[in-house]
Amino acid sequence: MNQRHVWAMARKEWLHMTRDPMTIFLLAIGPVLMLVLVAYSMATDVENVPTVIVDHDNSAVSTALEASLDDTVVLDVTGHADDQDDAESELERRDAKVIVIIEDGFEDQVTSLAGMNDMLTAGPRLRFIVDGTDPISAETAMEAVVEESERYITAQLQQTVDNEAENLDETTLAMYREQLENPVIIEAENRYNKDLKAVWDLVPALIAVVLVLPGMSISTVIARERSEGTLEALVATPISKHAILLGKTLPYVFVAMINVVLMYIVARLVFGVPFRGNLALYLALSSLYAFATLAVGLLFSILIRSIEAALWASMLFFLFPGMLLSGMFFPVEVFPFIVKLETLELPVVSGVLINRGMFLQGVGVRVLWWNILLLLVIAIEGFEIASRIFKKRIA
Amino acid sequence: MLNRILNIAWKDLLHLWHNRLLLILVLFGAASEMLLIGWATGADVDDLTTVIVDYDDSTTSRSLIAALEDNDTFNLDDDAADDYRNNDDRDDALDDLFTSGNYVFNPEPVMLIEIPEGFEQQLQAGEQPEVLLTLNGAKALPSRTARRAAEEEILTFGAIERAKALAASESGQDVPVSAEQSAAIEQIVLTQLETTQANITVRYNEDLDRAHYTTPSEAAFVLYIMTIMAAALLLAREREYGTFEQLLVMPMRPFEIIIGKSISAMFVGYANFILLLGLMNVVFGVPVRGSLPLLLVLAIGYLFVELGRGFLVAMVTRTQNQALLVIMLIAFVDITFSGYAVPVESMPDVMQFVANFFPIRHWMIILRGILQKDIGLSVFWPQLVWLAGLGILINGATLWFFRRTLGEQR
Amino acid sequence: MSETMIEAQDLTRTFRSGFRRKRITAVENLNLAIQPGELFGLVGPDGAGKTTTLRMLAGILKPSSGQATVNGHDIVKGAEDIKQELGYMPQQFGLYPDLTVDENMNFVCDVFDVMGEERQTRMEELLDFTGLHDIRTRRGRNLSGGMQKKLGLAAALVHKPKLLLLDEPSTGVDPVARREFWDILTTLHAAGSTVVVSTPYMDEAERCNRVGLMYGGQMMICDSPSGIKRMLPGSVLALRADNLTLAEDVLKQVPDVLDVQPYGDVLNIISNDEAGASAIESRLTAAGVTVDSLRPTPPRMEEAFIYFVRQYASGDAAQAAASPTEVTA
C-alpha cells in the first residue's frame, strides 16, 4: 500500500468534509452537544415521584408520616384525595405514581402498646398502591415508601415503648425492644461511585455511544462516490483499494478523536466525573474503538450500493442496538446468552465497558484485554472484509 | 389534484419496490430489531455474580450462604472469594475482584458480601452482627438490584435465626432446634414479616414485567425513526439528485407535493406500527386494555406530526447524509424524552418543560395509557392538544421552508 | 511501440437489469485492434455498447466472455497495470464537484505519483493547454459543461498516459467548446498519443483516423472515415422541393432508392447508380412534387451511418424496417 496514496485520499476526504459546513458542524459538535443534553436530562435518579395521600386517620401521626415521606428524595407528596377511587383516578392521569392510604386507627397502632400488638398480629393500617407501568421507577418508589414508613413507624414505636418503660417488667420490655430492631445490621458501601451518582454512570457510557455518529456518516462514502459518478474515474486510477478505504477512514477517525477529547473535557469539568485510568491509554483505546466502529460503517458502505439503503441499514445497526443494547441503560451481563453473543459484533458494547472501566475503575490493559481484542478483531476483520469485497471495478 | 398527489405517492412507492433491499430493511428491519432488543432488555435482572466471604464459617453462616444461593438474583463465585481472602491488601483485592471476568462468559462480580467472624454467636445472642456489602459502582443498575435482594434475604434469614435462638433458649434446648420445630418457626416468622408489612398493590403492570415497559418504548422509538427517516430521505433524495427542481416546475402546489410524499412515508410508518403492535402483544404479552380502534386512529395523527418533522429536517439539510446526522441527534433527545431510561417527571424542571415540545413524549403517554391503563380521551386530551399544536407548528414551518425553497429555485 | 495497443477478441458483456433481472447483452463478440498512435472513434447511437466497451478496456468492468489486451496487459489479470498507463475519462464528470480545479488536479497528481517539480510544470502545462488557468480556484460544480470536460481531460493527462480512453467527451458541450476540445485531441494525436474516443456525433467521427461503428452491442463496420463512406453503395442526391413529406413517401416506393434521409429543407437520397437523377425527378414530378433542385452531393459519415444502421436493424430485427427514432431510442 502506497502511503502517499492514503494521505492523498485522506486529504481529499477531509476537504469534502470541511467544504460542507453543516456536516462538519454536526460531526464535530453534535456528539458533544448530545452528551451535554442527554446527560443533563437523564443523569437523575428516580426522584420526586408524585405521591398522593388518602388520610382516613387525620391525626398528628398521619400528618407526621406524610411529612417524612415528603422529605425523602424519591417521593414528593403532591396532594390529597378523599378516598381510594379519587386517588386511583389520579393514578390514571399520571398525577400520582404512588398512593398512600392511611386507615383510621393508624395513630393508635403506633402510639400505644395495645396498638403495637394489634399491628404485629393484624398488620399496619397502612396501604400502598403503586403505578407499575415503569417497573424500574416503580421498584424504586416502592422501596422508598416502604423503607421510609417502616423507619417512621419503628421510631414512633420505639418512643412509645420508651414512654411505657416504667410500666413494664424487664423481659417484656426487652421483648418489645427486640421486636423493633433488625436482627442484622447491613452496611453497604459503593466502590468506584460512592454516592451512586447517575451522572458518573451515564456520561462515560454516553461518550462511547454518541461516537456512532461518525460511524453512520462513513456508511455512505462509497455510495456517494458511486452516485456522483466519481467512483468510475477513481477505480480507473492506479490507487490501491486499501489506500482508498484507509484514506477514507482516517479523516473520520480524526473527527472522532476531536469528539473524544471534547467530551472528555466536558465529562471532567462540567459533570465532574472522575477519571482514574491512564489518559494516554484511554486515547489510544478510544481511537481503536473509533476505528472499529468506522470499519463496520465502511463495510456497510461497500456492501450496500444505494445511499438510502446504506443509511437505513446503518441506522438499524448503529442507532437501535447501539443505544439500547450498548449496556448504557441496561446491563449487558443479564442479556440472554444468544443476545450476548450477538453483541460481540457491536463495538459499542466494548466501548462502553472500556469507558466505564477507565473513568470509574481506573483499569488498564490487564483487565480490558478482552474488549481490546474484540475491538481489534472487529476493526481488522471489518477492514479486511471491506477491502476484499470492494472491487476496483464498477459492476 | 388528487390525481397529482397519488402520482407522487405512486412514484415513491415504485422507487421503494425497485430497491428491494431497501424495502426489506424498511418493512422488516424494525420488527426483527425489536424482537432482539425487547428480548434482551425485557430480561429479569438476575444471575448477578456475587462473591461471599465467610469469616465466621459456622453452621449459621453456611446456611445463610445456602439461602443466598437459592435466590435467583445471585450467582455465587467461590473462586473469587478465595482469591479475595488470600490477598492482604483489601483495596487491591477489591479491585481484582470487581474487574475480573468478561460480560459474556463469566460476568464481573457486582457485589461482595462479607460475613463477619462471630456472626452465628452474635445473632443467637441478639447482638446484631454487622454484615458488610461492597457494591461495584461501575455497574450501577445490577449492583442496586443485588443490594436490594441481599438486604431482604439477609434480614429475613436473621429474623428466622433469632426466633430459633429465642425458642431454644426458652425451652432450654441446644441450638439447633429440631428440624420440625425449625420449619414451624420459619413459617411463623415469614407470616409475621408479611403481616407487619404494609399491603402493596401494583397497578397496570402487576408483575412489574420489564418487557411491558420497554417494548412499547422501543416500538414507539423504532416507529418514529422509521417515519422520520422515510420522510426526510424521500425529500432529501430529491434535493440531492436535483430531481427536486423537476418536481417544482411541474404544475403542483407545495402542499400537494408534501401530501403526496407523505403517503408513501405513512405507508412505511403505519405498516411498521401494525407489525410492532402485533409483536408486542403476541411475543411480549403486552396487553391492549383500551380501545384498539382509537389507538389505530391516533397513530395516524401521531405519524403525521413525525412526518412533518422528517420533512422539516429534509428542508434544512442539503444531503441525505446530513439529514441522517440531524435525525441521529434528535433521536438521542427523543429517546431521552420518551422516558425510556429515566422518567421525565424526575428530570430537571427545564427539561420537563422542554420535553413537551417533543411529540414522542405525548405519544408515549397515550400509547401506554391505552395499552396498559384502559384510559380514553377524557384523560389524555391535554396530550392530544399538545400533539395537534405541535403538528400545526411543525407542518407550518415545513410549508414555510418549502415555499421559500420554491422562491429560491424559481 | 510497434505492438498493437488494443486487441480484443470476442469481447462480450451481459448485464441483468430491471426488476425481473432480464439478461441484456451490452457488447457482443467484439473484435478490435488498435495500433499505437491512432485516433480511434467509437461511434454509435445511445445504448450501442460504447461505454461498456471502454469500461472493459479500462479494466474497470469484467467481460462476461472473450478477452482483450491493452498495451500487452490482459484486461482482467493485468487491470491494475493497465491503469498505470491509462488516462480514462468517464462520460459523467468524474471529478469532485466540491473541490476546486487545483485541488482536483493535485489529488489526481497524488494518485499517479506525479510529484515535486514535475507536478508543478505538468499542472501549469495542462492548465494552459486546456485554458483552465484563470479558474484554478473555482469549484468543480461551478464549472460549465465544457470546462468540466476539459478538467476531466487535464486530469486524465497528468501522468502522460500511453493510452487515452475518452467516453463521449463532447456530449453536453456547446459547439465552440466542442471544437476547442477536438483541437486539443488532434494536437495530442499529432504528438503521438493513442486516443480512443466514443461519440454519438458523426462530424466528430470524421476527425478520427479510424472509426468503428457500433450498433446493438456489435461492431458493424470498422474502417477509416473515407473507407466507410466508400462502402456506401450508389450515390447521394440532395433534393430541394416544395413538399418534402410527399416526396419522401413517393421515393420510398422507388425500388432503386436505398434510403431517404431528411435534413432540414433538404432530402438526401441514397440511390443505386442505375436510378439516375433524371428518373427520380420524373417520378417526383409525376406525383405532383415541384423539384427545385436535385444534384449529386459527396456522402458524409452521417448518411453512411444512418444507412448502415437501418440496413443492420432491418436485417437483424424481426421487424421489416426500423424507423430512425427507434434506432436512437
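The values are calculated or read from the model by the stated rules, or taken from the named source; none is laboratory data. Fair warning: this is a prediction, and the values are worked out from it, not measured in the lab. Note: ideal-geometry Cβ built from the backbone for every residue, glycine included; neighbour counts use all protein chains shown. Note: areas computed on protein heavy atoms with side chains; ligands, DNA, RNA excluded. Shrake-Rupley method; radii C 1.70, N 1.55, O 1.52, S 1.80 Å.
Points worth noting:
- Remark: chain C carries 44 Å² of accessible area per residue (probe radius 1.4 Å; ligands, DNA and RNA excluded).
- Length-normalised contact order of chain B in % [C-alpha pairs under 8 Å, at least 6 apart]: 18 percent
- Candidate aspartates and glutamates for bridging to B:Lys261, where Cα separation is under 17 Å - those fewer than 8 sequence places away on the same chain excluded: A:Glu308, B:Asp12, B:Glu238, B:Glu240, B:Glu245, B:Glu306
- Only the Cβ atoms of Lys and Arg (+1) and of Asp and Glu (-1) were treated as charged; on that basis the dipole of the protein assembly as shown about its Cα centre amounts to roughly 9260 debye.
- Separation of alpha-carbon centers, segment B:120-141 and segment B:3-34, rounded to whole Å: 59 Å
- Carbon and sulfur %, accessible surface of chain C computed with the full protein complex present, 1.4 Å: 48 percent
- Too-long pairs where the Cα-Cα distance tops 27 Å, listed order kept, from A:Lys12/C:Lys77; A:Lys391/C:Lys160; C:Lys22/C:Lys150; C:Lys50/C:Lys77; A:Lys12/A:Lys392: A:Lys12/C:Lys77; C:Lys22/C:Lys150
- Summing Cβ point charges (Lys, Arg +1; Asp, Glu -1) relative to the Cα centre of chain A gives a dipole of roughly 5540 debye.
- Spatially, segment B:73-88 and segment B:339-410 are offset by 51 Å when compared through their Cα centroids.
- For chain C, a simple Cβ point-charge model (Lys and Arg +1, Asp and Glu -1, everything else neutral) yields a dipole of about 920 debye relative to the Cα centre.
- Rounded, prolate or oblate (a/c below 1.5 giving rounded, otherwise prolate when a/b exceeds b/c) for chain A by Cα gyration tensor: prolate
- Proximal aspartates and glutamates to A:Lys248, defined as alpha-carbon separation beneath 14 angstrom and excluding residues fewer than eight positions away on the same chain: A:Glu13, A:Glu225
- Remark: the Cα gyration tensor places chain B in the prolate category, a/c being 1.5 or greater and a/b exceeding b/c.
- 20 Å Cα-Cα reach of A:Lys340 towards lysines, excluding residues that sit fewer than 8 places from it in its own chain: B:Lys139
- Near B:Pro348: Cβ cut-off under 13 Å, other residues only, Lys/Arg at +1 and Asp/Glu at -1. The net charge is -4.
- Relative contact order of chain A: 20 percent, from C-alpha pairs under 8 Å at least 6 residues apart in sequence.
- Per-selection Rg to Rh, segment B:48-196 - Cα, Kirkwood hydrodynamic radius: 1.01
- Helix content alone sets the calculated 222 nm mean residue ellipticity of the protein assembly as shown: runs of n ≥ 4 DSSP H residues at -39500 (n - 2.57) each, divided across all residues, give -18500 deg cm²/dmol.
- When segment C:6-224 is described by a simple charge dipole with +1 on each Lys and Arg Cβ and -1 on each Asp and Glu Cβ, the residue from C:Pro36, C:Ala191, C:Gly72 located farthest towards its positive end is C:Gly72.
- Over the protein assembly as shown: Rg over Rh, Cα atoms, Kirkwood Rh: 1.13
- Buried area at the A-B interface (accessible, heavy atoms, 1.4 Å probe, summed, Å²): 11200 Å²
- Kirkwood-Stokes translational diffusion coefficient of segment B:1-114, alpha-carbon pairs, 37 °C, 0.692 mPa s, µm²/s: 175 µm²/s
- When the GluC sites (Glu not before Pro) in segment C:1-101 are filtered for DSSP coil states and for at most 13 other beta-carbon atoms within 10 Å of their beta-carbon, the remaining sites are C:Glu3.
- Short-range pairs are left out: with C-alpha atoms under 8 Å and at least six residues apart, the relative contact order of chain C is 18 percent.
- Over the Cα atoms of segment A:49-180, the radius of gyration divided by the Kirkwood radius equals 1.03; this is the Rg/Rh ratio.
- Histogrammed with a bin width of 5 Å, the alpha carbon distances of segment C:6-224 distribute as 1, 7, 15, 19, 20, 16, 12, 7, 3, 1, 0 percent, first bin at zero.
- Chain B: most fluctuating residue of B:Ala299, B:Ala165, B:Ala232 per GNM, C-alpha cutoff 10 Å: B:Ala165
- Net charge of neighbours whose Cβ lies under 14 Å from the Cβ of A:Gly327, counting Lys and Arg as +1 and Asp and Glu as -1: -1
- Shielding of peptide B:39-47 by partners, expressed as the average count of other chain Cβ atoms within 10 Å per residue Cβ, is 5.
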